[in-house]
Every structure is written in C-alpha cells, then in structure tokens.
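What follows is a short report on a single structure.
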Amino acid sequence: MPEEATIAVRVKFMGDLPALTGQRNIVVQLPEGSTAGDLLYSLSKTYGDPFRCRVFSGPATLHHYMVVFLDGKNMKELGGFAAKLGNSDVEVVMLPMFEGG
Amino acid sequence: MPAAEASVVTEAKWIPTACGMCYVGCGLRVLVEDGVVVSIEGNPENPQNRGRMCAKGKAGIMNLYNPNRVKVPLKRTNPKKGLEEDPGWQEISWDEALDTVVAELNRIRDDPKKFLIQGWDAVGDGMFWMKAFGSAFGTPHIMNAASPTCGKVVHPVEFFSGGGFHQQPDLHYTNYCLLVGTQFAISARGSYNHIALDMAEARARGMKLVVVDPIGGFAASKANEWIPILPGTDAAFALSLLHVLLNELGVYDEKFLKHKTNAPYLVGEDGRYLRDETTHQPLIFDLADGKIKAQDDPTLVNPTLRGDWVKDALRAQGKPSRTCFDALCEHVANYSPERTEAITTIPAETTRRIAKEFGEAASIGSTITLEGVELPFRPACVDWAKGTQGHAHGFHQCWPLKLLNLVVGSVNVPGGILSTAASGKHPHQWSPEGGTDGMLEDGGHILPLPHPKAFPGRTPTTPIRLDLGELFPLASHFHTLLPVTSEDRAPYGLTYGIEMLLHTPTNSLMGSFGDIKPVERFYQSMKFIAGFAVEINETNLFDDIVLPFPTYLERYDFNTGSAAHSIPPCGQEAFHWQVRHPVVELPPGMRHQQDVLVEIADRVGILGDLYRLLNHTYMLKDGYALQPGRRYPAAEIVDNTARQWFGEDHNLDWFREHGVISLPRDIEESYIGPYLKARLPIYLEHMLQKKEELQEVLGRMGLEWNLSDYNPLSDWMPCPSFNAVQKGDYDLIAVHFKFPYVYGGYGNENPWVNELCEQTDAYHILLNETVAHSKGIADGDTVWLQSPVRKCRAKVKLTQCIHPRVVGIGGHFGHTSPGMPIAKGKGVSFNALLPSDLDHIDKISTALDHCVEVKVFK
C-alpha cells in the first residue's frame, strides 16, 4: 500500500498558549489536503481538554479571543476552518481581552 | 523629506496634537516658541472636546518641564527592595540597560509564563504595544487595566446588553437622568470635555438630574436631587425600582421586551430555557396561534410576555415553565421599597417616587424622527459606573441598574442609554452581532481585539494562570488577587512564581491592587523588574532597571486615548481620529517606547511575532504591514498606520498640519437599537451553566467557593463592610470618589494640579459634620483612619453632603516616593485600606470591594 502523503506544518503558539503547551514551536505532520480545522483538532487531541476549552467555544467555533494566522494571513480571511494547509507556518494566538479602567 | 522624518518645528507656532493627561485624549493646540512649549489650548477643530480643556490638560506643560523627570536609564545598586528603601540609583547607558533586560528575558525564555506585563498606558499606543509584546513572548500574565475595579463590570455587561465598550446617557434628548455611583459628565468619564458641555446644556433645557451616591459631591452639586445611599446597596435600590415599575405601576416596554429581548423565552423549573429538541433553540409561546416555537421560528408573531394563564397552558402541555419576564417580575417582588429602606437607607416613598418619575419620563410608545428616520424615543435613563462596580458582589450591584433601562426600552435609542463605539463606518464597518440563543454575543469594536464580554463566557478549567483567570469564566481581566495568590499557590496546584515584570509608567503598586502589604511583598518577590518611568513613583522604587519614558508632548501615538476608539461622544456626533506627534524634541538621549520595545523584541528573537500582532491590532496589510527583519522607528509606524487607515493623502504630515480627521455618523451608527439583529438579556440563563461548570472544577481542585453570584436574576448581597458595621466592629464605611482635576496618579506631581488640590482640600477625607461632632472631631483636625488592613493619619473636612455612615476619600494620593516631592506625604491612599482576598472580590468580575469598614478617631 502506498504511504500516505503528508505535510509538515510549523506551529507557533503565542499569548496564553505556551503556558499550556509548554512549547512555543512544534511541527505537526498531517495528511496532505488537511485544513486549518484538521490542525486545530489535532492540537486538541495532543493537548486535551485544557487546550480545547480555552480555544474552542463550541464545535468548529473559536473563542473570540483566538486568532490563527496561516502563512501570515488571518485564517478568517482564508476560509476559516476549511482553509487548506500546505507546508505552512501557522501561528495560534490566544490574545488578552481588550479592557479599560 | 519623507513624512515620517519631518523635523520638530522650532519657530513660534500653534501645533495640533493630542492631550495625554488622562485616558480620554482631547484635541490640543500647543504654542511652541523656540522649541519651548509656552501654552496649551483645546483644539476647536476636534469634534470630541470642541476646543475645551480641563484643568489637568492645561497643567500638562508642568509635567513636561518637571525637574524630577527621569531622562536617562537607571539601575539600582541596593539589592534590597521596599517602599522605604533607597534604590541607590546609578545612571547607565541604554546599551547596559537593554543588555540587562534582554538577558533577563532570555533567562525565562523557555518558561515565558514567569513574565508579567503591566501594560496600562491608555494615553497612547503603549497599551497595545505592551500587550502585543507580552503575547509575542508567550505569557498569559498581561495586565490590561490599571484599576482593580474600574471597568470590570461595565465593559462585560455593556458588550452583551448594549453592544459597545461603555455606556452614556443620551444627553441630547434625555429628560430624566438617574446617576448611581457615578459623576458622569460632571467630574469624570470618557469624552469628558464633550459630555460636560452636553450635561450643562441638558440641565439648561430642563432635564432632571437625580444623583444617587453616598457622597453629595460634584455630580450632586449639579443635580436637581441628591439621594444619599449606603455604599454597596445599589442592587437593593435598583431591584425596588424594578418592582415598582413592573409590579405596582405596570410600566414596561412590551413591544421592545417581546421582540428585542429574551423576556419571552420560557424557563423551566430548573431555571434553564426550554429548548427545541432538534435545534436546541430557546422556546417562546406564540400568542398568535397558541403554539410553542423556537425563538428563530419565522412564523413567530406575538411572543407572550407574562400571565398566569400562560403558565397553566404550558403546564397542560407538559412543559411547566414561565417566561423570563415573569421570572423577573416575580423575583423583584421580593424587594419592596419598604424592605429595601432598611438596607439602602433610602425612604420607601422616595424610591417609589423615583420609579414613577423614571417610568413616566420614559414615554413608552413615543417616537422621534431624526434625519427622516422614525425611532423609538425613550428620554429617561439610568447610568452607573465605578461606584457600583467596586463591591464584593459588584456584578449584581450593577446589572439591575442596566435592567431598568432595558425594561423601558431605553437602550440605544434617542434619549436612552447609549453604547459607546458600538458601531461605525470609518475607516471600515463594524457593529455588534448576535450569536448563541439569538442573543447579542459579539460587541462592536473598531479594533479587531477581543472585547470583554460576559456572555456566553468561557469554560472554567484548572488554572495555569497565577491570577486564577480560568476560575472567573465571565470576567475580562483578573489581576486583582495576583499578589495574594502568588504567595499562596498551593491550594490552586500552582508551583511557579512570576520572576520578571516589565511595566509602563503607570503606578500599579499603588493603584492596581488593594492592601499594600502583600503587594509590596509581591514586587519584592520578583527577581527582576524593568519599568518605564516619567518620574520615580512607588512602583519604580522596586525596579532593577528604569527606562526613561517621554511625556505626551514628545510622543508618537496612532492611538491617542479612548475618545477615538472606545468612548467617543455618543449620539449624532462625528467620528474622529487624531494622532499624537512630538511638539518638542525629546531630551537628548531619550528614546520612544516603541523603539525600545522593537530593539528588545529583535534581540530576544520575537520581532516578527511582535509585528504580526501589531499588524493584527492596527489592521496593517499588504504594503503597510510591518515586515520582520527591520526595526521601524515609531514615527514611520504611525505614518504607515495613518496611510493604511485613511489613505495616502492622510499621512503623519497631514495630521501634523490638520490635527484631526472628522467624519459625520449617520443614524444607523448613532442609534443602533432598532438596527441590532439580536436580542438583549433580561434573564442571564448562562449563569447557571457557568455555576455548574465551576462547581465541577472547584470540586476537583478541592476548593469550596461561594458561587451564589452565579444566578440568572440579581439579588442584593451584602458587602463585608455592611456586615462589619451591623456587627458593631466598625461604625463607618469608606468609599472612593473622583475629582475632575485628578486622574489616577498622572497629575499628582504636577504643581498646578497640586495647587488645585490644596485649595480645594482634596487631600482631606470627608466626614459627616454631625457624626464628626459626636466624636469630638472638628474641621481640619488630623485623625486616625483605620481599616482592617491599614491605619494611617488623615486630615478631615467636615460636610453635610455625605451619608452619615460614610467616609469619603478622593483622588489617588498618599505617595511616599522621594521621586515625587510635591505629592509625597499628601492625602490618603484609598486602595491601601482595602482587604484583598476572595471574600472581597466579585466572583463574577473580580472587581475588588471598594467599600471598607473603618474607624475614625483622634
């Protein structure tokens, strides 16, 4: 059986997330044709509920303080969870909320 | 010459720029002669302050020429840190200063959560830059706010019940304005120099102003009526007003509640919504055909609001339930004015009269036509802010006040309470949006930064953060207890500590927490602190490295304060934007904060990440985006951003010459209520879910917290000070109030502001004259002021204009730093009086209780 083609996605965590993952930079191997959603679900599996509850507000919905950049562009502008990945650079950022006072 | 490199003008000239003496950011004209600022005036071209200024702004020139300014980097030579320790400052080069900071950052590079950013610099870009720097480094510990209470409830509440950042009474049209625990438009608040004139004009045309406050201060002095209230009892008062309106007078906006709120949603006996089995949407009883339908059912015509027969009908259908509105009406029936009189000290007949006046003034059913558009007209509103937030149950002290506006439909319509910066069309379109359960979920904001919101909230989980942020799923920031939890980590399973702090010139040690003893220990516990400084304040006394910081007259900022992006004047007022640029040159050897952060980021290896987050914050794209590998100077970044936002012809040079861009707002931007495609809450069903989730997490951690605040309907719950006075351990409650000429510690070292404070006895504490005489205390006496955590000396000013059980403490005084010789030894630090523990914070917002039991004696 032919080996499944994969992509190597370089992921950088910023904001609150390095404190959770214990790492700033990792490389994730995913099947070719994977999407941003696939990557985020893969990260959820790796880091479990503490990651999931901080990052996702619901199925296929990110908390409003999450921002994900794919090769420097906001994931929202590239189709959201459906955005296709290559051997991409991905930044997953949990931003502090904007406050006053 | 490129715009970004244009030199500072040296001949005599009026130069437009932005004020920086508080968080507002008024438009200025600054007269500069031979490189020296000789006068500051309001810029009449700026639609926000319309040429007007406050005393703080006029005094700003004295901050620029403060002889005690820090102008070179310093390092401490005394390793022992404390409020009474002399750091033994030694002047050093920038190279040595930044080498040291970079080395310390590299030391914790692999464990970035040990890094704390105190980033409050609301005057300019510093706030956004410091946040971006902390996030790029990878720490969750980023303090976004200076205060342990200000904004902690109003922003999260406003984003889910109005759509914007803050709230403002529509002074253009309201006829009845009830201020509770705020001196709105008289002594404080965003866009102050605009709304102060609006307030004066509204009063002149006959608007009735009622002020409910323990202190009969600046706001009360302008009011038609001042109603003294015991601190921490605002919820009881508000719940009584709701009871009278809903149950005695039957005054409410039926149409608005049916179609624009969750009032008709059905709730079961467990307090949860009844939901459609397939779509999981909340259910509504449709009077039109007697059927139960999902809230988003297109056949829904006439939602039921209330009635026993509806309950019977629902029971008969096997769905025992009531509407949210019925739940509210039945709940507030527990708060008759006679019952709450014993809590608030407000006579029952007064409460009843105020409810009646408010309900009548709301003119439910009336409309107004503006620019050819017919809109609901509700010329009555309630406003509240810091005074009601700062309590152990601060969320529920405030929420029933917001409900008063909601039940009469006085939200985001002419005459009502307006949500600030909720919607706009310049330089791009933004507006609030609905989401979960058809409710307003995503507030509108000009910047793509996550707004604070208390709906639907986060999922609580075991904390990694030292401030326990994960255990406050509805709060928007969490620093209040950081000094306390940092030294008592074991109960929360936390095994590390903060090792490094980088802070703005804001005096967080004195202003961001309560009881100063654990705060001092916290600052002593950190291995390394680097701080920006204009002057050496108490926080800087703990610094290892001090980095000089420009005054606002020497800075570059694209963001010049809250008036542009978060709290502009509401209603039919123009959108405006200005930038700040130096009107005089930086003193030799000084550097802009942006340039310093860029160098540090580059040397730590996070410059590209910092730029990524700044590009996101300022929406810089394509040719305007900051590119990794290059150190951009501050001026070029501001120029770049101006061109990205407003076009190539509106670069930094354009703003240098013209000062401000001003664009009209249309009705859709000005009064968003009728255009909002989402319902507003009157019943906070999600509280039950969060309570359940928190109980599970806390149980797993072996913690027992009182979660009685997590309820869909507000109850009045006493603050510890209320109980202490009832018990007789103390006889007075101290509260804080604001002066129009003092904002935080910004002007404390300013000789002109100091003169104002001395001339007005601002450094004195206020005590009721009759109470003082019973204690043998005379006007001007020096007394002991004692709270459970602090005993200090204070001078007393006697007045009849304060609740007899209250001590009033204004400003942000009580400085001890030798670097502030004018401010040193004057006034009382209110925050230092406040016990800081879990019992003294609001479990929902983390606001610190700002009413504290005290004794006053000679």
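The values are calculated or read from the model by the stated rules, or taken from the named source; none is laboratory data. Keep in mind the model is a prediction, meaning the values are calculated, not measured. FYI the Cβ positions are ideal-geometry reconstructions off the backbone, even for glycines, and counts take in every protein chain you see.
Condition check for B:GLU441 on (1) assigned by TED's automatic domain parsing to the domain that holds B:MET130; (2) under 20 Å from the mean Cα position of the chain (by Cα); (3) modelled with pLDDT of 95 or more: one failure, at (1). Determine if the stretch B:344-351 includes at least one residue that is touching a strand residue (DSSP E or B) at 6+ places or on another chain (Cβ under 8 Å) and closer than 22 Å to B:PRO231 by Cβ. For the stretch B:344-351, residues touching a strand residue (DSSP E or B) at 6+ places or on another chain (Cβ under 8 Å) and closer than 22 Å to B:PRO231 by Cβ: present. Checking each residue in the stretch B:558-612 for being within 14 Å of chain A (Cβ to nearest Cβ), in a loop (DSSP other than H, G, I, E, B) and of a type in the set (Gly, Ala, Ser) picks out B:GLY561, B:SER566, B:GLY605. Of the numbered criteria (1) within 30 Å of B:GLY434 (Cβ to Cβ); (2) part of a strand (DSSP E or B); (3) more than 7 Å from every other protein chain (Cβ to nearest Cβ), the one A:LEU39 fails is (2). When B:THR480 is tested against (1) in contact (Cβ under 8 Å) with a residue 60 or more places away in the chain; (2) more than 10 Å from chain A (Cβ to nearest Cβ); (3) surrounded by 21 or more Cβ atoms within 10 Å (Cβ to Cβ); (4) closer than 18 Å to B:ALA678 by Cβ, exactly one condition is not met: (4). Listed by position, the strands (runs of 3 or more DSSP E) contained in the stretch B:208-278 that have at least 3 residues being more than 30 Å from B:ASP849 (Cα to Cα) and in contact (Cβ under 8 Å) with a residue 12 or more places away in the chain are B:266-268.
Listed here are the residues, each with its yes/no results for (1) part of a loop (DSSP other than H, G, I, E, B); (2) within 11 Å of the chain's Cα centre (by Cα); (3) under 23 Å from B:PRO400 (Cβ atoms); (4) more than 10 Å from chain A (Cβ to nearest Cβ).
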| site | (1), (2), (3), (4) |
| --- | --- |
| B:ILE117 | no, no, no, no |
| B:VAL123 | yes, no, no, yes |
| B:LYS131 | no, no, no, no |
| B:SER135 | no, no, no, no |
| B:LYS152 | yes, yes, yes, no |
| B:PRO156 | no, yes, yes, no |
| B:PHE160 | no, no, yes, yes |
| B:GLY164 | yes, no, yes, yes |
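Checked against (1) within 14 Å of chain B (Cβ to nearest Cβ); (2) among the hydrophobic types (A, V, I, L, M, F, W, C); (3) in contact (Cβ under 8 Å) with a residue 24 or more places away in the chain, A:ALA8 passes all but condition (1). Residues of the stretch B:701-727 that are within 22 Å of B:GLY493 (Cβ to Cβ) and not charged (D, E, K, R): B:MET701, B:GLY702, B:LEU703, B:TRP705, B:ASN706, B:LEU707. Tallying residues that are over 26 Å from the mean Cα position of the chain (by Cα) and touching a residue at least 40 places away in the same chain (Cβ under 8 Å) within the stretch B:706-727 yields 2. The set of residues in the stretch B:289-307 that are surrounded by 16 or more Cβ atoms within 10 Å (Cβ to Cβ) and hydroxyl-bearing (Ser, Thr, Tyr) contains only B:THR304. Scanning the stretch B:488-535 for residues that are in contact with a strand residue (DSSP E or B) (Cβ under 7 Å, 6 or more places away or on another chain) and among the hydrophobic types (A, V, I, L, M, F, W, C) returns B:ILE498, B:MET500, B:LEU501, B:LEU502, B:MET526, B:PHE528, B:ILE529, B:ALA530, B:PHE532, B:ALA533.
Looking across the stretch B:295-338, the residues that are assigned to a loop (DSSP other than H, G, I, E, B), more than 37 Å from the chain's Cα centre (by Cα) and under 23 Å from B:ARG679 (Cβ atoms) come down to B:ASP297, B:PRO298, B:THR299, B:LEU300, B:VAL301, B:ASN302, B:GLY307, B:LYS319.
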